[in-house]
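Worksheet: the structure to be examined is printed underneath.
Read the figures in this text as sums done on the coordinates, not as results from a lab. Remember, predicted model here, so these are calculated numbers, not experimental data. Glycine also receives a Cβ, built like all others from the backbone with ideal geometry; neighbour counts cover every protein chain displayed.
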Amino acid sequence: MTMNLVLIPGLLCDATLWAHQTEHLADIADCMVADITGAESVDELADKVLATAPDSFALAGLSMGGYVAHAIMRRAPERVTRLALIDTSARPDTPEQIVRRGQLIDMTKFGKFRGVTDRLLPILIHEARLSEMELTDKIKKMAEHIGSDAFTRQQHAIMGRPDSRPKLGQYAVQTLVMCGRQDALTPLEHAAEMAAAIPGSRLAVIEDCGHLSTMERPQAATALMRQWLTYD
């Protein structure tokens, strides 16, 4: 018997982010990849996911997808049977991060949206992956697919997200907190912070891996998620 699994991608990411998981977990999970391009707040995005999701489901979010997952846990925790927080954080943006996001939004307004460039890739993936053209091309194509308008909405949503840390102790489902060892955007300390605050959660670290763990180390990520979905 399969369970429902809702997968929430990150900023400038689409279903490609979860391609390995949707294929290789299909024997145990009916996977749905959420669309988080259509609103400017994590709460609105959470409502949109909840409107299309099954009545009960396991929930996994990576990066921005984790921010939306936190919002879902605030709004409808009774519908979530298991939770995976992947390469993400419970912290709000710092003032410096908000300024940088505002600058990116301004650049986009003037037609300077360039998606994911070679200059940005070292922030997203481990340095050892930078020469893997198949991987880097997929990352760039995801960003092109999302586009500048959705990018602006997503940045507004990220900037306005609340601090989720005060609610972590109330999460009462089996929780996996997973992070690439070399994640430069949401570093391991953020993952460890969440795992320490969520009762009974498991912290799993993927070695030689950056921010996009489900694509960089797909076999390792999928194996950890299979354990999470099947462990009683």
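Look at the Cα gyration tensor of the range 131-212: its axes a ≥ b ≥ c give a/c of at least 1.5 with a/b at or below b/c, and that counts as oblate. Fewest neighbouring Cβ atoms within 10 Å first, the residues Thr22, Thr230 line up as Thr230, Thr22. Residue-wise HN-Hα couplings along the range 49-66, as the Karplus relation 6.51 cos²θ - 1.76 cosθ + 1.60 with θ = phi - 60° gives them from phi, are 5, 4, 5, 10, 7, x, 4, 9, 6, 7, 10, 10, x, 10, 6, 4, x, x Hz; Gly and Pro carry x. For the chain, the Cα-based Rg and Dmax, in that order, read 16.3, 52 Å. For Met3, the residues whose amide H sits under 5 Å from its own are Ala29, Asp30, ignoring neighbours fewer than 5 places away on the same chain, with H placed 1.01 Å from N. Neighbour counts of C-beta atoms inside 10 Å place Asp87, Asp43, Asp118 in the sequence Asp118, Asp43, Asp87, starting with the fewest. Ranked for footprinting exposure by Cβ neighbours inside 10 Å, fewest first, Asp183, Asp93 give Asp93, Asp183.
Across the alpha-carbon set of the range 3-80, the Rg to Rh ratio works out to 0.94, Rh being the Kirkwood radius.
Look at where the Cα atoms of the range 66-82 and of the range 139-203 average out, and the two centres are 12 Å apart. Shown here for the range 100-180: GluC sites (Glu not before Pro) in loop regions (DSSP other than H, G, I, E, B) with at most 15 other Cβ atoms within 10 Å, namely Glu132. Lysine pairs in the chain whose alpha-carbon atoms fall under 27 angstrom of each other, counting only those eight or more residues apart or on distinct chains, come to 11.
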